[in-house]
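Engineer: So that we are looking at the same thing, I have put the structure below in structure tokens.
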Amino acid sequence: MEKNKINVEKNYFYENNMKKSRKVNKIKLGIFSVFAIILIIIIAYSTIGFISNPTDTFLVTTGEISEWESVTAYIVRDEITVQGENYKNGMIRIKEEGERVAKGDSIYRYYTSGEEQIKEKIAEIDNQIQEIMQNQKTVFPRDIKLLESQIEEQIAALDGENSIQKIKDYKNNINTYINKKAEIAGEYSPANSELKQLIEQKNQYKESLTANAEYVNAPESGVVSYRVDGLENVLTPQSFGTLDKKFLENLNLKTSQIIPTSEETGKIINNYECYIILNSKSEQSKGVNVGDDLKIRLPNSVKVSAEIVNIIEEDDESRTIAIKISENVEDLIPYRKISIDIIWWSEEGFRVPNEAIYKIGELSYVIRNRNGYYDKMLVKIQNQNEEFSIVSSYSSDELKELGFSSSEIYSMKNIALYDEIVLNPTEQHLLQ
């Protein structure tokens, strides 16, 4: 009996403790749920605030801002075409495209009469030479291996190429490398070998072909080019006054088209400077004058300095502007009409967003935030575009001219690299 009573009491306390434990767990779960809901609300509120206003400060860095315009431009050069009497016979180049020469140097030579028959015989011998070289197992020097690599590169470049002029240039390069390869192979062949005899026979034909050839020499020093388009005596620096918008458009030139290579005529180009003519109706173009300096960005993305040398006021209120450049001149030799970016102005220094600048009268300020403490800093705007400004601090003399006292100047703080400045500053920031 006593034992049953004890068991009943144990069961009662056990069940009572279980109820209390469940009740405590429910309370803990409720408290946890409340905290979780509060946390979710805080995170959601913070996220919404971050999305709507991701940051209210900006870190000052050094940078560059500019105003530029994409335009189509025509290339004018100091260039002299050179052509001999036997231009119909075809030429052998002595100086290659882009090679520099002195006045009086031989540039190329023309073949003599009857050259077609001789060239056919040379072509037949070339085929025989190539066949022999492919079949023999002679170990040739490194020079030949280099030429073979160059030939493979030119052949690979031909694949998928659509430009007739480039295809022609690649084939000419391949023929040149093949001939050089044959000449070197001949030097390493036995005296009475078939390859040696064919090469000697080819050299005899070449000698007879050029025995009475006409040599063409450079009238001036400069760079040799065989890209002749007939505009060498039309687009000249001496003709700036007549090279207006209508005249240039009537040339009907295609932008970025490569000037074809001539087999009859060469030319000498002044490689120290050339000129670019463009037409613009922009507000920036109306603010420049002859003698002004600016920069342009070439098709290869290189920026070069330029100087305005001539301006024609057009009837449609646009301006045709001629500029001179003295950098990367040789990169432009293959072209007559290109697309460029003309950079009307550029400025480097401390770059800040325009929305960080606060105006008080004629003076400009930025507000620096340093651990919640705000400092008003006077800045001088060097230049600005639609988004950013390049700013600097005033000198003491400049501040005196603006009417500030010595004590005010002494207490002023200057903008510095990596300052954290406030975006969209208000009167409240200025008063703190």
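Engineer: For region 78-123, give me every one of the strands (runs of 3 or more DSSP E) that falls completely inside it and has 2 or more residues that are within 22 Å of residue 206 (Cβ to Cβ). Don't jump to the end; show me each part of the working.
Structural biologist: Numbers: elements: 79-82, 91-93, 106-110.
In region 78-123, the matching strands (runs of 3 or more DSSP E) lie at 91-93, 106-110.
Engineer: Mind checking which residues of region 265-281 are crowded, with 21+ Cβ neighbours inside 10 Å, in contact with a Phe, Trp or Tyr (Cβ under 8 Å, 6 or more places away or on another chain) and more than 27 Å from residue 69 (Cβ to Cβ)?
Structural biologist: The answer is 266, 267.
Engineer: Name the residues in region 95-117 that are crowded, with 17+ Cβ neighbours inside 10 Å and out of contact with any Asp or Glu (no Cβ under 8 Å at 6 or more places or on another chain), would you?
Structural biologist: Just the residues of region 95-117 that are crowded, with 17+ Cβ neighbours inside 10 Å, to begin with: 95, 101, 107-111, 115.
Matches in region 95-117: 101, 107, 108, 111, 115.
Engineer: Output the residues belonging to region 369-391 that are modelled with pLDDT of 95 or more and among the charged types (D, E, K, R).
Structural biologist: 380
Engineer: I'm told residue 301 meets every condition in (1) surrounded by 13 or more Cβ atoms within 10 Å (Cβ to Cβ); (2) without any contact (Cβ under 8 Å) to a residue 40 or more places away in the chain; (3) on the phi > 0 side of the Ramachandran plot except one. Can you identify the failing condition by its number?
Structural biologist: (1)
Engineer: Also, quick follow-up: Can you tell me which residue within region 140-179, out of those that are of a type in the set (Val, Ile, Thr) and surrounded by 12 or more Cβ atoms within 10 Å (Cβ to Cβ), is modelled with the lowest pLDDT?
Structural biologist: The extreme case among them is 144.
Engineer: Kindly list the number of the only condition in (1) out of contact with any Ser or Thr (no Cβ under 7 Å at 6 or more places or on another chain); (2) surrounded by 10 or more Cβ atoms within 10 Å (Cβ to Cβ); (3) at pLDDT below 90 that fails for residue 73.
Structural biologist: (3)
Engineer: Hey, another quick one. Would you be able to tell me the number of residues in region 266-292 that are of a type outside the set (Ser, Thr, Tyr), more than 30 Å from residue 96 (Cα to Cα) and over 20 Å from the mean Cα position of the chain (by Cα)?
Structural biologist: 11
Engineer: Taking region 250-295 on its own, how many of its residues are charged (D, E, K, R), in contact with a Ser or Thr (Cβ under 9 Å, 6 or more places away or on another chain) and either touching a residue at least 40 places away in the same chain (Cβ under 8 Å) or assigned to a strand (DSSP E or B) (or both)?
Structural biologist: So the first thing to find is which residues in region 250-295 are charged (D, E, K, R), and the list is 254, 263-264, 267, 273, 281, 283, 286, 292-293, 295.
From the residues that got through so far, the ones that are in contact with a Ser or Thr (Cβ under 9 Å, 6 or more places away or on another chain) too are 267, 273, 281, 286, 293, 295.
Filter once more, so that each one left must be either touching a residue at least 40 places away in the same chain (Cβ under 8 Å) or assigned to a strand (DSSP E or B) (or both): 267, 273, 293, 295.
Qualifying residue count, region 250-295: 4.
Engineer: Take residue 262 and decide whether it is polar (S, T, N, Q) and buried (at least 16 other Cβ atoms within 10 Å of the Cβ).
Structural biologist: yes
The values are calculated or read from the model by the stated rules, or taken from the named source; none is laboratory data. Keep in mind that this is a model prediction, so the values were computed, not measured. Note that each Cβ is placed from the backbone with ideal geometry, even for glycine, and that neighbours are counted across all protein chains shown.
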